[in-house]
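I have placed the structure first, in the form of C-alpha cells, so that the comments after it can refer back to it.
Every read-out reported here was derived from the displayed coordinates using simple, explicitly stated rules and does not represent laboratory data. Everything quoted here is computed from the prediction, not taken from an experiment. With ideal geometry, Cβ positions are generated from the backbone for all residues, glycine too; neighbour counts draw on all protein chains shown.
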Amino acid sequence: MTTPQRSTRRLAAASAVGLLFLAGCSSSTDDVDTAEPAGDSDLISAERCEANEAAGPITFLTSFGYVASVGLLDVVTAEETGMFDDLCLDVTIEPGSNNAQLVSAGTAQFAGLGSPSDVLVALDNGADITAIATYGNTPAIMLMTESDVTSLSDLEGTIAGYKGAIPPQISSMLEADGVDASAVEWVSVGYDPTILPQGQVDSLTGYKSNEPLVLASQGYEVTQWDPADYGIESAFNTQIVNNDFAEEHPTAVEDFLRASFAAYAWINESEANLDEALSYAEALSDAGYDLELSAERWHTEVALVEDSQPEGTVLGSQSVEQFTPEADMLVKYDLVTEAPDVEAAIQTQFVDALYEDGVLIWPAP
C-alpha cells in the first residue's frame with residue numbers, strides 16, 4: 001500500500017502477506033482463513049460483524065502520546081488503514097493518561113500499559129481489568145550511566161534518577177550484582193534524559209527504545225546496564241481490557257487484537273510501510289514528531305520482541321510463568337499490598353483464538 005486509502009480488499013491482501021513475519025512458520029498465505037462477503041464488511045460473516053458492531057464505540061488509550069511503540073503504532077495503523085473497519089469495529093484512539101483507572105471505569109475499553117508490573121499494581125489498587133496480550137518477553141527497562149562507571153558497585157554513594165517509581169527490575173539487578181542499594185540515593189526526576197550527561201544525576205532509569213536513542217541523537221554516549229544480563233526476567237508492553245466489556249463482547253476483543261497484530265506484520269514488511277505508519281502517528285500528535293527517532297524506536301522494540309519470543313509461542317502470548325517474576329519482585333520490594341493473583345490477571349483465550357498452527361487467521365473465522 002502506497003497511500004493511506006482505506007481499501008479493505010487491498011489491506012486484507014497486504015496484511016495477509018505480513019503473516020510470514022508475524023507467525024514465522026509459513027511461506028504462503030494459503031493457511032489464512034477467509035469468509036464470505038456479508039454485513040457491513042466484505043471480509044467477515046454477517047453474524048460476526050453484527051456481534052462486533054454490538055460492542056459500540058471502542059476507545060483505546062495509548063501508553064504515552066503517539067510514540068512509535070509496539071502495541072501502539074500497530075493499533076494506530078490498524079485504525080488509519082481501515083483494518084478495524086474491516087472487522088466491523090468502531091475504534092477511537094486517544095493519548096493515554098491514568099490508563100488502568102479509565103479502562104477499569106469503562107471510560108475506555110482497551111489501553112496499553114508498560115509491563116505486567118503495571119497491570120499487577122493496578123489490580124492491587126482495585127482496577128477491574130485484565131491483561132489480554134503482552135508483546136515482549138525481556139526487560140524493556142535499563143539503567144544508564146556515563147562511560148566512566150565500570151561496575152554497578154560504583155553507584156554506591158551516588159545519585160540515581162527514576163520516574164514514577166523505582167523499577168523493581170533495576171532494584172533486582174543491583175541486588176543480583178551485590179550492590180548495597182541503601183547506599184544509592186534515589187531521586188524522582190522528570191523526562192529530560194540530558195540530566196545524566198549534564199551531571200545532575202549519576203545514573204538514570206529509562207527504556208531501551210527511548211532515552212538512549214534520544215541522547216545518542218544529541219551526541220551523548222551512555223552505558224546501558226541491562227537487567228536481563230543479570231538474570232532478571234521481565235516483560236513489556238501489555239494490552240489491557242475492561243472486564244465487563246471482555247465478558248460481553250469477546251469477538252470484539254479478539255478482533256481488536258487480530259487487526260493490531262495484522263497491522264504489526266504489515267508495518268514490518270518494508271521501510272515504506274513503516275514510514276506510512278509513522279505518518280499516521282505524526283498526524284495525530286500535537287507535539288513535534290521526530291520521524292527518524294521514531295523509526296529507531298520501532299526497530300528497537302521489534303528486535304526486543306522478536307529476540308525474546310519464547311519458542312513455540314506466538315506474538316502476544318501470555319502465561320502465569322511470564323508474569324510471575326514481576327509479581328515476585330513487586331512483593332519483595334513492597335510495591336503491592338498482597339501477593340498478586342497472576343492467573344486472574346491474564347486472559348489467554350483471545351490470543352489463542354487468533355492463530356491456527358501458528359499462523360494468524362485473517363480476517364476472522
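Side notes on the structure shown:
- Alpha carbon convex hull of the range 163-321, volume per residue in cubic angstrom: 178
- Note on Phe236, Phe350: ascending count of other Cβ atoms within 10 Å places them as Phe350, Phe236, the fewest first.
- Positive minus negative residues near Thr251 (Lys, Arg vs Asp, Glu; Cβ under 11 Å): -4
- Highest-MSF residue in the chain out of Thr150, Thr62, Thr77 [GNM, Cα springs under 10 Å]: Thr150
- Rounded to 5, percent antiparallel among DSSP beta bridges of the chain: 60
- Legend: ranking of residues Glu276, Glu146, Glu301 from fewest to most surrounding C-beta atoms inside 10 Å; resulting order Glu146, Glu276, Glu301.
- Among 108-118, 328-338, 290-300, sorting by the average number of other beta carbon atoms lying within 10 angstrom of each residue, highest first, gives 108-118, 290-300, 328-338.
- Less than 5 angstrom separates the built amide H of Phe236 from those of Tyr135, Gly136, Asn137, Thr138, all sequence-distant by 5 or more or on a different chain.
- Taken over the range 119-200, the alpha-carbon convex hull comes to 137 cubic angstrom per residue.
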